[in-house]
Amino acid sequence: MTMATATAVLAGPAGVGGPVEGEALVSTQGFNARYDLDRTRGVFSRPAHDLYGQSCAGKIVVFATAKGGIATSWALLDLKARGLAPAALIFRETNPVMVQGAVLADIPLVHRLDPDPVTTIRTGDWVRVVPEAGRVEILRRDGARGKTW
Amino acid sequence: MLAGRHGPAVRWALDFQVRVGTFFGATRMVPVSSAHVAADVGLTGDAGLEFVERLVEQGARVRVPAVTDPRSVDFDHYREFGQPEAHVAKERRLVEALTKMGMLPCHTCINYQTVTPPRFGEHLGWGDTGSVIFANSVAGARSNFEGGPAAVAAALTGRVPAYGFHLPEQRRATFVVEVRDRPTEWADWGALGCWIGRRVTSYWEVPALVVPDTDPSVDDLKHLGAALASYGSMAMFHLVGVTPEAPTLDVATGGREPARRLVVEPGALAEVYASFRPEHAQIDLVVFTAPQLSLLEVQTIVERLDGRRVAPSTRLILTVNHQVRAEAERFGYVGQIERAGGLVLAGVCFYVMTPEILREVNGYRTILTNSAKLANIIAGSGYNPILRRLDVCLDAAVRGRLDA
């Protein structure tokens, strides 16, 4: 078990899924797993998205909101089956369809955290997500140096 | 159910619902009178298809009437569009699995107009955003967006977790939209939904629209709702003096001061249309879809087309459900559309018909429509969408061109 001391802790209501650690990938925008992602490659494919060209596979991805229709409820399971799913999802505010998709695919998800995850977590940070406790810990501030793992 | 006495499929379904419901603070379940299941193979992918087939092997059976949402394939017409046989075969497998569970394979997104009209106050486990917002807003029924797997779960347990739009406090208006530009036809109501959804995007927001001296049809409200859900991710609206939970603005807001007030000034709807710019005058597709057309919409299109022929370089497509198609055939509408050079597809909606494949195989690019929802979604599949009123769409279909 990693016992690194957290440099910051974000707290909110209990999420879904089990505890997980990983590298953060942070977007200030919304997310729809069908219209923002190329599902065969796990890469953000909508040119207007701020994560365009990046892969979500294995990352703890932070978004402002969950967007759009019901497609995401199936799409996360499809990504998982291809080995391209994010390790966890963090939202400022999410919606039912995103949570349905995360539960089906068994991907941890939390939202409504304080302080705001979109401005507190940086891409490249190493974070731990503990959904049952509604807690996200920033373990290493590598994002501050702009380093990618 | 959680102990597995009703079998592993029901145990999965209830466990899934408890997890989702707990996340959103639900403390109880409520029985639903029907489910509406969005599961075409373009949505589910292979993983979702295999998931549904596994539920069937586990003996999954619906407990309440469950209606399927549109397919990605019209099995009578897919060859004309070059959809691959392998994809079509998977869609057939999915239809077979859903049917074995006891679902009604209606393949319709207008279940509220044709199969299961919603009643005021009833709880529903519906999954198409357009059908949910219609049920909540126009009928006063109660549903969250129950995406495909969640609607399957609702069908198997006959209930849903009680959070969100099942609770009176979530149904109150959070903001007001004062509409001073008068919507006069379906496309205008969709453009209005687009205008609002471009400014406010949240599942948890509910607009109260104030439109003076308005008397919209059900099809008008269907286009408004579909656009609000598509652009704004919203699941409910109030139209003061029209929808049942908004006899007055004060009732719609529950007496609370709304967080904000937007004003749709005269000319705003024209600006919405102008924001959809054709790259060139040649129009590849004119599509009436999203939501599937009512019989009245088909009738109007046939009458306005008035025997004119569609230009050979342009494809005219209408999508309906099988019920509407049967009546449209009986009335001769399908024959009139086909003689004009158009197609009436059944059990599909254009934007779920593997649009990327259709574009690559057929070289489609410019798509003209009166559906604000289609104009929003299809842009993500590499099309150049243009939203216009019905007569503009039909004239362009006949001429093959849309001149600025």
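At a glance:
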quantity	calculated
Selected residue (only one of B:Thr354, B:Thr314 is at positive phi, over 16 Å from the mean Cα position of the chain (by Cα) and in contact (Cβ under 8 Å) with a residue 40 or more places away in the chain)	B:Thr354
Of all residues making up region A:20-70, the number that are touching a Phe, Trp or Tyr at 6+ places or on another chain (Cβ under 8 Å), more than 12 Å from every other protein chain (Cβ to nearest Cβ) and free of Cβ contacts under 8 Å to residues at least 24 places away in the same chain	3
Members of region B:72-99 found to be in contact (Cβ under 8 Å) with a residue 12 or more places away in the chain and within 16 Å of B:Pro149 (Cα to Cα), listed by number	B:Leu94, B:Val95, B:Ala97, B:Leu98
Residue check for A:Ser73: buried (at least 20 other Cβ atoms within 10 Å of the Cβ), within 11 Å of chain B (Cβ to nearest Cβ) and either over 21 Å from A:Asp116 (Cβ atoms) or free of Cβ contacts under 8 Å to residues at least 60 places away in the same chain (or both)	yes
Of residues in region B:153-190 being under 20 Å from the mean Cα position of the chain (by Cα) and of a type in the set (A, V, I, L, M), the one surrounded by the most Cβ atoms within 10 Å (Cβ to Cβ)	B:Ala154
A:Thr119 being surrounded by fewer than 17 Cβ atoms within 10 Å (Cβ to Cβ), farther than 19 Å from B:Ser233 by Cα and either of a type in the set (Asp, Glu) or out of contact with any His (no Cβ under 7 Å at 6 or more places or on another chain) (or both)	yes
Residue in region B:179-223 that is farthest from B:Gly254 (Cα to Cα), counting only those that are charged (D, E, K, R) and in contact with a strand residue (DSSP E or B) (Cβ under 9 Å, 6 or more places away or on another chain)	B:Asp181
Some residue of region B:25-38 being part of a helix (DSSP H, G or I) and in the same structural domain as B:Leu124 (by TED's automatic domain parsing)	no
Residue that is surrounded by the fewest Cβ atoms within 10 Å (Cβ to Cβ), among those in region B:57-89 that are more than 23 Å from the chain's Cα centre (by Cα) and basic (Lys, Arg)	B:Arg79
Boolean, B:Arg339 is among the basic types (Lys, Arg) and surrounded by fewer than 18 Cβ atoms within 10 Å (Cβ to Cβ)	yes
Test result for A:Gly17, surrounded by 17 or more Cβ atoms within 10 Å (Cβ to Cβ), in contact with an Asp or Glu (Cβ under 9 Å, 6 or more places away or on another chain), over 17 Å from B:Ile378 (Cα atoms) and not basic (Lys, Arg)	yes
Selection from region B:366-382 of residues that are among the hydroxyl-bearing types (Ser, Thr, Tyr), buried (at least 24 other Cβ atoms within 10 Å of the Cβ) and not in a strand (DSSP E or B)	B:Ser371
Filter result for B:Arg142 (surrounded by 20 or more Cβ atoms within 10 Å (Cβ to Cβ) and either closer than 24 Å to B:Thr289 by Cα or charged (D, E, K, R) (or both))	yes
Count - residues of region B:21-52 that are more than 13 Å from B:Gly148 (Cβ to Cβ) and either surrounded by 24 or more Cβ atoms within 10 Å (Cβ to Cβ) or at the interface with chain A (Cβ under 10 Å from one of its Cβ atoms) (or both)	9
Matching helices (runs of 4 or more DSSP H) fully within region B:77-171 where at least 1 residues are in contact with a strand residue (DSSP E or B) (Cβ under 6 Å, 6 or more places away or on another chain) and modelled with pLDDT of 95 or more	B:85-100, B:111-114, B:129-134, B:148-157
Matching residues, region B:53-76, being away from every other protein chain (no Cβ under 14 Å) and part of a loop (DSSP other than H, G, I, E, B)	B:Gln58, B:Gly59, B:Ala60, B:Arg61, B:Val62, B:Arg63, B:Val64, B:Pro65, B:Val73, B:Asp74, B:Phe75, B:Asp76
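One line per residue, one yes/no per condition, for (1) touching a strand residue (DSSP E or B) at 6+ places or on another chain (Cβ under 6 Å); (2) on the phi < 0 side of the Ramachandran plot; (3) at pLDDT 90 or above:
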{"site": "A:Ala48", "(1), (2), (3)": "no, yes, no"}
{"site": "A:Gln54", "(1), (2), (3)": "yes, yes, yes"}
{"site": "A:Val61", "(1), (2), (3)": "yes, yes, yes"}
{"site": "A:Gly68", "(1), (2), (3)": "no, no, no"}
{"site": "A:Ala75", "(1), (2), (3)": "no, yes, yes"}
{"site": "A:Asp78", "(1), (2), (3)": "no, yes, yes"}
{"site": "A:Gly83", "(1), (2), (3)": "no, no, yes"}
{"site": "A:Pro86", "(1), (2), (3)": "yes, yes, yes"}
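The values are calculated or read from the model by the stated rules, or taken from the named source; none is laboratory data. Predicted model, so just to flag it, every value in this text is computed and none were measured. Glycine gets a Cβ as well: all are built from the backbone with ideal geometry, and neighbour counts include every protein chain shown.
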